Structures are given as C-alpha cells and as structure tokens.
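For reference, the structure discussed in these notes is given below.
The values are calculated or read from the model by the stated rules, or taken from the named source; none is laboratory data. Here the structure is a predicted model, which means the values were calculated and not measured. Because the Cβ atoms are built from the backbone with ideal geometry, glycine has one as well, and the counts that use them run over all protein chains shown. Only protein heavy atoms, including side chains, enter the accessible area calculation; ligands, DNA and RNA are left aside. Shrake-Rupley method; radii C 1.70, N 1.55, O 1.52, S 1.80 Å.
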Amino acid sequence: MSSIVKSIAAASLALNAMVAGAQPVPEIVVTATRTEEPLEAVLADVTVIGRDAIERSGAASLAELLRTIAGVETSQNGGVAGLTGVFLRGSRTAQTLVLVDGVRLENPTSGGANLEFIPIASIERIEIVKGPMSSLYGSGAIGGVIQIFTRDAAGGYGTGTRREASVSAGSLGTAAVSAGLSARSASSRWNFSASHDRTDGFDATVPGSVNYQADRDQSRRDSFAAGFAHRFSEQVEIGFDARTTRGRTAYDDPWSTPASAELTFRSDALTAFARLHPNAAWDSTLRLGSTAIDYDYAAFSFAPRTSSRTITWQNSYAIDAGSLLFGLEHLHQKIAGSGVTTGDYAYVRDDRATRSGYVGYELERAAHSLRVNVRRDDIGSVGAQTSGTLAYGWRASDHWRLRASVGSAFRAPTFDDLYSPFGANPALRPERSLGWEFGADYRYQASTVRTSLFASRIRDAIELDSDFVPQNLASTRVRGVSADARHAIGALVLRAAITIQDPEGRWTDPVTGEQHSGELARRARRYGTLGASWHGHGWRLDGELVTQGRRVDSDGAAMGGYAVLNLDASWALARDWEVFARATNLGDRSYQSASGYASAPRQLMLGLRFAGTP
C-alpha cells in the first residue's frame, strides 16, 4: 500500500505543477446524483466527454474514446465493431453499468452493454462516474456508471435552428457520413440525426490464434436518433429521446468460414418522460425506458432478442436542512429468439423482474457537503439486495476541495449464469463489493487537477469451475490512484491522465479446494494519456499519446505494453465549414488488447464538416 500512497503523491505534485488560466463555465452533470448538479460540487470522481472533445479525439469506436480517461481501460476483439470490454477501476465489463439517455442498456444474457454497436457519431455527451454506484442504480454498478446521451438529448431550451453534416473517408476502405437538424424555442425542442459508417477492416486475428482466419473483417453501421420535448409551463414538461442502430460485421472463429462468419446486430434505446414541478421545492419525474440488443449469427442458429424495460418515478425535494431524493423503479428483462427460447436448447427461464426503491439525503453547509444514499432491489429468483453510499466533502479553500466516500454495490447473476441450458447454477449468489475513495480536487481559473485514491473488494465473484458451471469461487481486490489535469497557456491546452493500480484476483480450485491468486485479466498496473491542443487563426491542432502497461488475458497469455500516438487537425475553410484530418496509431504500432486479436494499424482520414445556423 505504501507504493500506492507514494504514487498518488508523485502524481499530484506532477499534475499540480500544470495549474493556471481563465474561469470556465460551470458544467452540469446528472449521473453522479441522478439530479442536475455542478460538476465541481459532486462528491465522486466524474469525467465528462462533450461533443467537441469527441470530434477532436478522432476515435473510430467507443473503446478508443473511453481508454483515454483516467481509471478506464478497454479491450476490443478486432476492429470497430469487435466485441468491446470496459474496465472501470479494475472491475469487469459486466460490473460496469451503461445507461443511454437515462435508461439501462444491458444484455441480460451476458450482463454487458455491447458498446461496439454504438457509433461515435450518434453521441452528444458521455458522463463517467467511477466507484460503487448501486445505491443509486442497482445491479451492475460495481465499478461505476457510464451514461451516454444521444445527439441533443441533453439539450435545453432557447431560440434557433442548427444544422450539422460531416463526411469523411480514409485508409482501410473506411468512410463515414452524418447529418443532423435541431431546433429550439422558449417552450419546445426537437432534433433528428442520422449516420452511416463502414470499413473494409483489417485481419482481426493474429496467426497462431485459435480463431485465426486470413481475411479482412468488414463492418458497417447505420444509426438514427430523434428527440422532442415541450414545456407547457414552468410546472409541466414532457418529451422523448430515441436511438436505433443497425449493422453487420465480420468476425473470425474456428467454427465458421470467412464467407459465413458474419454477425448482424441491432441496438435500440427509447425513453419518454413527464417532468412536474408542483412547487418551488419539489421536482417529480416519471420516466419510461426501453432498450434492446439483438444479434444474429449467419453460420449457426443463434439469434438472441433481448430487452430491458424500465419505469421510474423519481422525486427530489428541497428542505431547510438540505434536499431529499426518493424514487421507485421497476425493471423487466426478457430474452427470446432462435437458440434461446426456441430450438433444441432453450433457456430455463426467459424473463426476470426487479422492483426497487431508493432514498437519498444531501446537505451542504458552508464549506461542508454530505450525501447519503440507500437502495433496496428485489430481483426475481435472486432475492433482495441492499446497497448504500456515504460521501463527505470539505472545501478547504477557494481552490481546494477534499472528498471521501464509502459504498457497497452488487451484481446479480446473468441469464447465462442462472438459466442457460449449458451448466447453469440457480443457486448462485450476487457478486458483492465494498469500495472507498479519498479525493483531492484543485481548480483555479481554467486549470483543474482531480486526484483519487481508491480501493475495492469484490466477494462471491462468479467464475466457471472445471465443468464449466458458474460458481461463487473468486474474490478480487483493486487498490490504486488516478489523476487527471488540464492547464491552459493562452491558446495551448495541456492535459494528462494517469492510473496506477494493483488488480489482484483470488479464487478457489473447485477440485482441490486450494487457494490461488494472480493478476486480473486485461488490466494493467499502469496506464494513461498525454495530450495537447492548440487553436488559432482558423486552425485547431490536437495530439494524444495513449499508453497501457503489460497485461495478461484470461487464458494466461501475456500482452505487452504499448504507446499509440494520434493526431487531429482542422481548418476553418469558411463560416460554418471546416476541413479535418486524422491520423490514428501514427507509428503503426502492433499490439493486442485481447489475446489473439490484432488492433487497428495506422489509419488516415480526411473529411469536411459543416455546423451552423441559418
């Protein structure tokens, strides 16, 4: 532990040396507390990626974008539509909850969100909250929560119309086009956007891999998003936001041929809401949400159709001694399709309901802040789970704030764990975790430094035994420090993020009963990014170095560390028009984020973008 403490001190000193600049506009986030709150006031480690940062990143996939954030690692089985894993503070993919426009996006069979199905062009904004969050969101929020807002879903009211369009093409037969239109008035807003991207891809597997096929793995995605909201008065507002993505991608495996190894997929998210303000102190929102993840393999009969439907009634009430949050939630998950509920091998059960209630209290007095949250989830065939969070913050000066929190979280077993026809175990217990965090945030004018010392322990982790039956066999422990900083020097902005952690797993041999320990798969002890951007005279230049240390995969294979350099440039061609160019993996570095799968080689893109008002 002493090495971790030394690391946090070194990281803080290095990043604090970057501070000075002009006062930024306060940023509002909702994921950390389920209510709107200034980013600088939340008692959690939160990162926001806005639309401008998404465009500047040049990322072709969510995995490429998220891996630049402190405390976040990703993996990809091949190209942009290859199976994506995300690891928040050392937790597994299924231990991170993903929301789209406020509703849960989850594949009930595996517990993941299939982030590879969501194109970058459909995203307006991303909020990432690191640390246990089950006290607000329930099952799966062990490592944290990633909330994706689709184009203009987070927009407010105003006046005017905005039109956007982009077209680009580059190496590997890659091309993308997107367009959007939005309008706002004092009482209404609406938006529509569409995008298409495709690539001829590259050989996603490496020679010697059990999945190797000597071919290029193509993919394409089409996405549409729309939203509408109307404010009848200061007391009543209704609206909806919707997104759908369709696509197909080639992949490699030992059971298919290059001609038959193709997957078609669909990912949908719909949310409708009614927001009431009965009086100045009380806000009440009723939200109906539906998400679906469907896919179909051409080579064999396996075509799951999954859905998660949510009804949430949430209230916040201001009182003299602070504010109260309370709500009720009902989640119904269902699976169907060939090879799931039809065919020779059907799941034992095809649906599950979860009934939840949560309550929270927040107090802010002078330099002190306190937040308490408790949630109770009653999950069909699993039982009831209670989780809680206690957080405290102290504003030590105009520039410094210290925060501390402790929280419990859990993850319910998936449909694969409980109901699969191949070795299910209905006696499984939920995975349970306890985590704590100490943080120090520095803000002066346009410069910020955020540092967090964190630790978590997960018990009853679900692993397969020697007969490939899931059991509560393992526990994991992660201790570490993460820090990120931004510093402006005139038109030059410097940024850095670093995470140093000790991810360790312990498991019991199901045959001998012996205890074993080792590294957690696909998680490095050190990773981070360095970046710089400059704008002036119509130009914007951006460079980023992404690094990750050595890791091991679940099969024990070692994956070496790597450093990847990405560059982005744009020039204002005329009013509302700009030309842009991107170079990713400029050094053409060969590396793996999943054993046996290649990562994208050097890629160049050129494009033209329009954004303006009539």
Revision key, fill the gap. The condition from (1) open to solvent by 30 Å² or more (accessible area, probe 1.4 Å); (2) of a type in the set (Asp, Glu); (3) over 24 Å from Ser219 (Cβ atoms) that Asp152 misses is numbered (1)
Practice item. Pull up region 155-189, narrow it to residues that are under 30 Å from Glu234 (Cα atoms) and hydroxyl-bearing (Ser, Thr, Tyr), then point me to the one that is surrounded by the most Cβ atoms within 10 Å (Cβ to Cβ). Key: Ser182
**Study point:** Residues of region 287-321 classified as over 12 Å from Leu263 (Cα atoms), assigned to a strand (DSSP E or B) and open to solvent by less than 60 Å² (accessible area, probe 1.4 Å), total
**Key:** 15
Study note, to complete from the structure: Of the residues in region 459-481, those that are modelled with pLDDT under 95, out of contact with any Lys or Arg (no Cβ under 7 Å at 6 or more places or on another chain) and among the aliphatic types (A, V, I, L, M) come to Ala461, Ile462, Leu464, Val469, Leu473
Point to revise | Gly90, sole failed condition from (1) open to solvent by 10 Å² or more (accessible area, probe 1.4 Å); (2) part of a loop (DSSP other than H, G, I, E, B); (3) not charged (D, E, K, R) | key: (1)
**Study point:** Number of the condition not met by Arg486 [criteria: (1) farther than 23 Å from Ser387 by Cβ; (2) among the charged types (D, E, K, R); (3) open to solvent by less than 30 Å² (accessible area, probe 1.4 Å)]
**Key:** (3)
Check your understanding: Name the residues in region 111-140 that are polar (S, T, N, Q) and within 30 Å of Thr174 (Cα to Cα), would you?
Key -> Asn114, Ser122
Review point. How many residues does region 195-216 contain that are more than 18 Å from Ala250 (Cα to Cα) and open to solvent by less than 30 Å² (accessible area, probe 1.4 Å)?
Key: 1
Check your understanding: Only one of Leu494, Leu545 is farther than 30 Å from Pro132 by Cβ, under 23 Å from the mean Cα position of the chain (by Cα) and either modelled with pLDDT of 95 or more or not hydroxyl-bearing (Ser, Thr, Tyr) (or both); which?
Key -> Leu545
Revision key, fill the gap. Picked from region 324-368 (must be closer than 30 Å to Ala396 by Cβ and acidic (Asp, Glu)), the residue surrounded by the fewest Cβ atoms within 10 Å (Cβ to Cβ) is Glu364
Review point. Within region 131-145, can one find any residue that is modelled with pLDDT of 95 or more, assigned to a strand (DSSP E or B), surrounded by 23 or more Cβ atoms within 10 Å (Cβ to Cβ) and of a type outside the set (D, E, K, R)?
Key: yes
Check your understanding: Only one residue in Glu106, Glu127 is in a loop (DSSP other than H, G, I, E, B) and of a type in the set (D, E, K, R), so which one is that?
Key -> Glu106
Study note, to complete from the structure: Asp553 fails exactly one of (1) open to solvent by 30 Å² or more (accessible area, probe 1.4 Å); (2) of a type in the set (D, E, K, R); (3) over 30 Å from Gly160 (Cβ atoms), namely (1)
Practice item. Residue by residue through region 238-276, note down the ones that are among the acidic types (Asp, Glu), open to solvent by less than 20 Å² (accessible area, probe 1.4 Å) and either over 18 Å from Thr199 (Cα atoms) or in contact with a His (Cβ under 8 Å, 6 or more places away or on another chain) (or both). Key: Asp241, Asp253
**Study point:** Tally, over region 557-575, of residues that are polar (S, T, N, Q) and over 20 Å from Ala600 (Cβ atoms)
**Key:** 1
Study note, to complete from the structure: Considering only strands (runs of 3 or more DSSP E) wholly within region 369-481, the ones with at least 3 residues that are open to solvent by 10 Å² or more (accessible area, probe 1.4 Å) and free of Cβ contacts under 8 Å to residues at least 24 places away in the same chain are 383-394
Review point. Would you pick out the residues in region 497-509 that are open to solvent by 20 Å² or more (accessible area, probe 1.4 Å) and under 21 Å from Phe454 (Cβ atoms)?
Key: Ile498, Ile500, Asp502, Glu504, Arg506
Review point. Just a yes or no: is a residue in region 510-528 modelled with pLDDT of 95 or more, surrounded by 19 or more Cβ atoms within 10 Å (Cβ to Cβ) and either under 19 Å from Asp52 (Cα atoms) or touching a helix residue (DSSP H, G or I) at 6+ places or on another chain (Cβ under 6 Å) (or both)?
Key: no
